[in-house]
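Note sheet for the following structure.
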Amino acid sequence: MKKKLVVLGLVVMAMLAMLVPGAFAAGTSTDQTQAQDSYTQQAQDYFNQMFEWRKAQVDQMLSYGYITEEQAKAWKQQIDSMKDYMQQNGNGPMMGNGYYGMGPGMMGGGYYGWCW
């Protein structure tokens with residue numbers, strides 16, 4: 001009889017051990033969703049600020065007389081088309097793998113990889 005109670009107690013504890021993490025996970029899904037939404041909004045705000053800053057730089061160059069009105073208009077159209085492209089396709093690859101940087105690194109044939 002005592003062995004049956006011990007086995008029953010172990011089975012109940014094992015079942016509870018499996019249910020408790022699920023209860024905690026169910027409670028945090030809304031927190032994770034809110035955090036993800038907040039991050040997404042921050043990323044979108046930064047994305048918009050980045051392109052507004054570029055347009056402000058074009059306006060500043062125009063006010064200093066470095067570029068003409070036509071050039072400023074062309075630059076702004078290019079910035080808008082870049083923004084539209086990036087919104088649809090993502091940012092794309094950045095500098096890396098030695099294509100635009102200093103090369104593949106130490107001992108790999110890059111600029112700093114060879115002995116002087």
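Cβ separations smaller than 6 Å between residues 6+ apart or across chains give no pair from segment 60-79 residues that are on the phi > 0 side of the Ramachandran plot to residues that are modelled with pLDDT of 95 or more and part of a helix (DSSP H, G or I).
Going by what's in this entry, would Ala56 be described as at pLDDT 55 or above, exposed (fewer than 12 other Cβ atoms within 10 Å of the Cβ) and of a type in the set (A, V, I, L, M)?
Values: at pLDDT 55 or above: yes; exposed (fewer than 12 other Cβ atoms within 10 Å of the Cβ): yes; of a type in the set (A, V, I, L, M): yes.
Against the criterion (at pLDDT 55 or above, exposed (fewer than 12 other Cβ atoms within 10 Å of the Cβ) and of a type in the set (A, V, I, L, M)), Ala56 qualifies.
If we scan segment 37-50, do we find a residue that is part of a helix (DSSP H, G or I), out of contact with any Gly (no Cβ under 9 Å at 6 or more places or on another chain), modelled with pLDDT under 95 and among the charged types (D, E, K, R)? Reasoning before the result, please.
Let us first name the residues in segment 37-50 that are part of a helix (DSSP H, G or I), namely 37-50.
From what is left, the residues that are out of contact with any Gly (no Cβ under 9 Å at 6 or more places or on another chain) are 37-50.
Keeping just the survivors that are modelled with pLDDT under 95 gives 37-50.
From the residues that got through so far, the ones that are among the charged types (D, E, K, R) too are 37, 45.
The answer is yes, given that some residue of segment 37-50 is part of a helix (DSSP H, G or I), out of contact with any Gly (no Cβ under 9 Å at 6 or more places or on another chain), modelled with pLDDT under 95 and among the charged types (D, E, K, R).
For first residues located in segment 82-100 and of a type in the set (Val, Ile, Thr), partners that are at pLDDT below 80 and lie 6+ apart or on another chain with Cβ distances below 8 Å do not occur.
The values are calculated or read from the model by the stated rules, or taken from the named source; none is laboratory data. Remember, predicted model here, so these are calculated numbers, not experimental data. Note that we place each Cβ from the backbone using ideal geometry, even for glycine, and neighbour counts take in every protein chain shown.
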